[in-house]
Amino acid sequence: MSKEPVAVVGIGQTKHVAARRDVSLAGLVREAAQRALDDAALHWADIDAVVIGKAPDFFEGVMMPELYLADALGAVGKPMLRVHTAGSVGGSTALVAANLVAARVHRTVLTLAFEKQSESNAMWGLSLPVPFQQPLLAGAGGFFAPHVRAYMRRTGAPDTVGSLVAYKDRRNALKNPYAHLHEHGLTLEKVQSSPMLWDPIRYSETCPSSDGACAMILTDHTGAAGSPRPPAWVHGGAMRSEPTLFAGKDFVSPQAGKDCAADVYRQAGITDPRRQIDAVEMYVPFSWYEPMWLENLGFAQEGEGWKLTEAGVTELDGDLPVNPSGGVLSTNPIGASGMIRFAEAALQVRGQAGEHQVDGARRALGHAYGGGSQFFAMWLVGAEPPAR
Amino acid sequence: MPEPARAAAREPVRGAARDVAVVAFAQSGHVRDSAATSEVEMLLPVLHDVLAQTGLRARDIDFTCSGSSDYLAGRAFSFTMALDGVGAWPPISESHVEMDGAWALYEAWVKILTGEADTALVYAYGKSSSGDVREVLTRQLDPYYVAPLWPDSVALAALQARALIDAGLTDERRPAGTAARRRGGPVRPPGEYVVAPLRTGDCPPVVDGAAAVVLAAGDTARRLTDRPAWIRGLDHRIEAHSLGVRDLTDSPSTRLAAERAGAFERPVDTAELHAPFASQEVVLRRALKLDGPRGAHVRINPSGGALAANPVMAAGLIRIGEAAARIRRGESDRALAHATSGPCLQQNLVAVLEGDPRPGTGGQPEEGQ
């Protein structure tokens, strides 16, 4: 049976900062949603359903905040869903919203993801004592550092690669007005001499804690025809999950990530991702995850990802730009980070990415992951409608 | 002042619809305190049971979706461990809603409608014994103006019950009386006041529990079970959060969801209502037009409803499962199932389920796939 083609016709995000003390949670999400509606030249009444996502409720201390946010998001009288798939949630949320359109259940859907980390303390939100289980090793960095070390050992990558990624992403962020970190005086030497937090991960190779929200308007073929700006078309989308911990798990390159990418490429007719994809927004909260995911997503052979980074292939003017927006390394409202990746991929193929636009981007990949590298969500968007 | 539930801007697009059915349902025993078992341990037998009913293994399922809440477990990402119980290896296509499992079923139903999946496993669980659920649920409220006052879930339901009494829609002595009599069971003793006018008999037992459902499309459903419970309509709607702007004696979101699900097109013979408090059943019966002559032949909550067992986050999914199970057993031909979320019935979901006509009942054959 045929699915309805899905188009992204509106994108809105907030200027991401460490603390938005001037707005409530409701004010924050409203701002992003209104910008997405303005971009699509639509009104609240044009929206048939709302799908929102965020990372754990403990981050703001509000249980099931979709209940409280229904009014702010114009959802009263409408269907409202709340997705939660850990760090991948922003991506999963967009995919659940896209399925509502693809299944022809609704015509136009508002999807939004947010985090207002300043309302709470994410470190403690993740560190609640759980009986009989290993604690989360003082935040996410402690969990991921050994896997980065395993990657370095396995591939023989020189220990300078991580700093190259951080330096690149933070420079890209200077071109993105919505990015949280704008480090004007940053040099490669400063990244390399920043304090070591979780060996081998340095301070400047980690993501910040941000307040922010990102929203998109998704619609069907008819809705896209009325769009004032070029739409981005969804050519493929998938989610994959695997258990957190088990003896056969490859933490460096999880099978769920490989399977998820393969599914998206199959749907989108991608046979050579390195050549056929023009820009990638991938979820890189710690710099070393760029070379790791380059391999996991099939852009490089196993053990070769770091060579692309080192050769400058992933620079904004490189042959496969990765995180032209500045990425998670520059902006991390956790629950929204995945949706920002999806939205930035869509901005690229719409030609709306401003100073961080990749010239001639026709196909872009948005990628998100979460949990202990166990949840994956991806979509591939294109400037042309999918061939059916 | 009653708030009119705004209809969506445009009619939903009717495209290539697919027949999707509930083909299996399982639930745990619902116990007061499951301190001796983890969430995964509570869930595992339920997952085994529901898969065994269909003969499917986890790897045969095209899509898996779950519903739960971190706040019950008292820890972030509590659902990640529950996934271990599914056996997600090789990796599976999977998602999670931080909502009652009825909404996980909705997400799975949509996934099957896209054609990307033919089968789906849906599960939900709640271990509210880990904390004081009345206090925990206060964290659902507006975090700036209401939650700091800690109005608990029973107090809010009592406010709703009082509004119903003041409107003359129910009786101070026995908000649950009608419902209990319909069930044919003994009327529960009213008990002591918990928060006036609600007494112990009007309030749900606090229990831990889990449930799971398998969905399948068209011919796959027919292959997996003799009598699939076809989902003829499924819709959900949310209302404003603040109690001050809602008419607590009415549920416009339930009525709108029921309309969109096609519940009023033909009479149902069974209604499984997710009414944790007896007084809320009064609201739902009115919104769903189950009172009066139209409702005379409707069995309401033959399972005992949420007043018999209310495992938070699973109780709504259980309503769909119980309605489907009655159809599959041949005890119902057309059933309505309802799930709710949020304080005083803020968000509501309605599913309409039907069984294929049985031989000798005079029904016309349904259209094929």
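The values are calculated or read from the model by the stated rules, or taken from the named source; none is laboratory data. From a predicted model like this one, the values you see are computed outputs, not experimental measurements. Reconstructed Cβ throughout: ideal geometry from the backbone, glycine too, with neighbour counts over all protein chains shown. In case anyone asks, the SASA skips ligands and DNA or RNA and just uses the protein heavy atoms, side chains included. Shrake-Rupley method; radii C 1.70, N 1.55, O 1.52, S 1.80 Å.
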- Query: Can you tell me how many residues in segment A:82-100 are of a type in the set (A, V, I, L, M) and within 17 Å of A:Ala346 (Cα to Cα)?
  - Reply: 5
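Yes or no, residue by residue, for (1) in contact with a helix residue (DSSP H, G or I) (Cβ under 6 Å, 6 or more places away or on another chain); (2) aromatic (Phe, Trp, Tyr); (3) closer than 23 Å to B:Asp70 by Cβ:
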residue	(1), (2), (3)
B:Glu94	no, no, yes
B:Val97	yes, no, yes
B:Asp100	yes, no, yes
B:Trp109	no, yes, no
B:Ile112	no, no, no
B:Ala117	yes, no, no
B:Ser129	no, no, yes
- Please work out which residue is nearest to the other protein chains (Cβ to nearest Cβ), limiting yourself to segment B:240-261 and to residues that are in a loop (DSSP other than H, G, I, E, B) and open to solvent by 10 Å² or more (accessible area, probe 1.4 Å). B:His241
- Query: Is there any pair linking a residue in segment B:20-40 that is free of Cβ contacts under 8 Å to residues at least 60 places away in the same chain to one that is outside any loop (DSSP other than H, G, I, E, B) and open to solvent by 50 Å² or more (accessible area, probe 1.4 Å), with Cβ under 8 Å and at least six apart or on different chains, and which?
  - Reply: B:Val40/B:Asp84
- Query: Can you name the helices (runs of 4 or more DSSP H) wholly within segment B:34-144 that have at least 2 residues being acidic (Asp, Glu), more than 12 Å from chain A (Cβ to nearest Cβ) and open to solvent by less than 40 Å² (accessible area, probe 1.4 Å)?
  - Reply: none
- Item | Filtered residues of segment A:1-12 (kept if open to solvent by 10 Å² or more (accessible area, probe 1.4 Å) and more than 14 Å from every other protein chain (Cβ to nearest Cβ)) | A:Ile11
- Neighbours by Cβ (under 7 Å, 6+ apart or cross-chain): first from segment A:36-51, in contact (Cβ under 8 Å) with a residue 60 or more places away in the chain and more than 8 Å from every other protein chain (Cβ to nearest Cβ); second among the basic types (Lys, Arg) and open to solvent by 10 Å² or more (accessible area, probe 1.4 Å): A:Asp39/A:Arg229
- Task: Find the helices (runs of 4 or more DSSP H) located wholly in segment A:241-330 whose residues include 2 or more that are of a type outside the set (Lys, Arg) and touching a Phe, Trp or Tyr at 6+ places or on another chain (Cβ under 6 Å), and list them.
- Result: A:255-268, A:289-296
- Task: Give segment A:225-240 a look and list any residue that's open to solvent by less than 10 Å² (accessible area, probe 1.4 Å) and in contact with a Gly (Cβ under 8 Å, 6 or more places away or on another chain), or say none.
- Result: A:Ala232
- Task: Return yes when A:Trp379 is open to solvent by less than 10 Å² (accessible area, probe 1.4 Å), within 28 Å of B:Phe63 (Cα to Cα) and within 14 Å of another protein chain (Cβ to nearest Cβ) and no when it is not.
- Result: yes
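Listed here are the residues, each with its yes/no results for (1) modelled with pLDDT of 80 or more; (2) closer than 23 Å to B:Tyr106 by Cα.
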site: B:Met1; (1), (2): no, no
site: B:Ala8; (1), (2): no, yes
site: B:Val13; (1), (2): no, yes
site: B:Val22; (1), (2): yes, yes
site: B:Val31; (1), (2): yes, no
site: B:Leu47; (1), (2): yes, yes
site: B:Leu51; (1), (2): yes, yes
- Message: Return the residues of segment B:21-33 that are part of a strand (DSSP E or B) and hydroxyl-bearing (Ser, Thr, Tyr); say none if nothing qualifies.
- Response: none
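Condition check ((1) out of contact with any Leu (no Cβ under 7 Å at 6 or more places or on another chain); (2) within 7 Å of chain B (Cβ to nearest Cβ)) across all residues:
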residue	(1), (2)
A:Lys54	yes, no
A:Gly61	yes, yes
A:Val76	yes, yes
A:Leu81	yes, yes
A:Thr93	yes, no
A:Ala98	no, no
A:Arg107	yes, yes
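Return the residues of segment A:63-74 that are within 7 Å of chain B (Cβ to nearest Cβ) and open to solvent by 10 Å² or more (accessible area, probe 1.4 Å); say none if nothing qualifies.
A:Tyr68, A:Asp71
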- Note on the structure: Of B:Arg188, B:Arg174, the only residue that is part of a loop (DSSP other than H, G, I, E, B), within 16 Å of B:Pro276 (Cβ to Cβ), open to solvent by 60 Å² or more (accessible area, probe 1.4 Å) and modelled with pLDDT under 75 is B:Arg188
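Residue by residue, here is whether (1) free of Cβ contacts under 8 Å to residues at least 12 places away in the same chain; (2) among the small types (Gly, Ala, Ser); (3) surrounded by 23 or more Cβ atoms within 10 Å (Cβ to Cβ) holds:
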{"position": "B:Pro267", "(1), (2), (3)": "no, no, no"}
{"position": "B:Asp291", "(1), (2), (3)": "yes, no, no"}
{"position": "B:Ser303", "(1), (2), (3)": "no, yes, no"}
{"position": "B:Pro311", "(1), (2), (3)": "no, no, yes"}
{"position": "B:Ala324", "(1), (2), (3)": "no, yes, yes"}
{"position": "B:Leu336", "(1), (2), (3)": "no, no, yes"}
{"position": "B:Pro357", "(1), (2), (3)": "no, no, no"}
- Query: Taking helices (runs of 4 or more DSSP H) that fall entirely within segment A:9-110, which contain at least 1 residues that are of a type in the set (Gly, Ala, Ser), on the phi < 0 side of the Ramachandran plot and modelled with pLDDT of 95 or more?
  - Reply: A:25-40, A:89-102
- Quick check: anything in segment A:186-201 closer than 26 Å to A:Ser120 by Cα, touching a strand residue (DSSP E or B) at 6+ places or on another chain (Cβ under 6 Å) and open to solvent by 60 Å² or more (accessible area, probe 1.4 Å)? yes
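Yes/no matrix, rows are residues, columns are (1) over 22 Å from A:Ala97 (Cβ atoms); (2) surrounded by fewer than 23 Cβ atoms within 10 Å (Cβ to Cβ); (3) at pLDDT below 95; (4) among the polar types (S, T, N, Q):
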{"site": "A:Asp211", "(1), (2), (3), (4)": "yes, no, no, no"}
{"site": "A:Pro243", "(1), (2), (3), (4)": "yes, yes, yes, no"}
{"site": "A:Asp250", "(1), (2), (3), (4)": "yes, yes, no, no"}
{"site": "A:Cys260", "(1), (2), (3), (4)": "no, no, no, no"}
- Could you say which residue among B:Arg223, B:Arg319, B:Arg299 is among the basic types (Lys, Arg), open to solvent by 20 Å² or more (accessible area, probe 1.4 Å) and in contact with a Ser or Thr (Cβ under 9 Å, 6 or more places away or on another chain)? B:Arg299
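Looking at A:Val280, A:Val328, which is the one that is out of contact with any Lys or Arg (no Cβ under 8 Å at 6 or more places or on another chain), at pLDDT 95 or above, open to solvent by less than 10 Å² (accessible area, probe 1.4 Å) and closer than 25 Å to A:Gln352 by Cβ?
Matching residue, one of A:Val280, A:Val328: A:Val280.
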- Query: Would you pick out the residues in segment A:215-263 that are among the small types (Gly, Ala, Ser) and more than 10 Å from every other protein chain (Cβ to nearest Cβ)?
  - Reply: A:Ala215, A:Ala224, A:Ala225, A:Gly226, A:Ser227, A:Ala232, A:Gly236, A:Ala247, A:Ser253, A:Ala261, A:Ala262
- Query: Among the residues of segment B:152-162 satisfying the criterion of being under 24 Å from the mean Cα position of the chain (by Cα), away from chain A (no Cβ under 14 Å) and surrounded by fewer than 21 Cβ atoms within 10 Å (Cβ to Cβ), which is farthest from B:Tyr193 (Cα to Cα)?
  - Reply: B:Leu159
- Message: Suppose the filter is away from every other protein chain (no Cβ under 14 Å) and out of contact with any helix residue (DSSP H, G or I) (no Cβ under 9 Å at 6 or more places or on another chain); does B:Gly218 pass it?
- Response: no
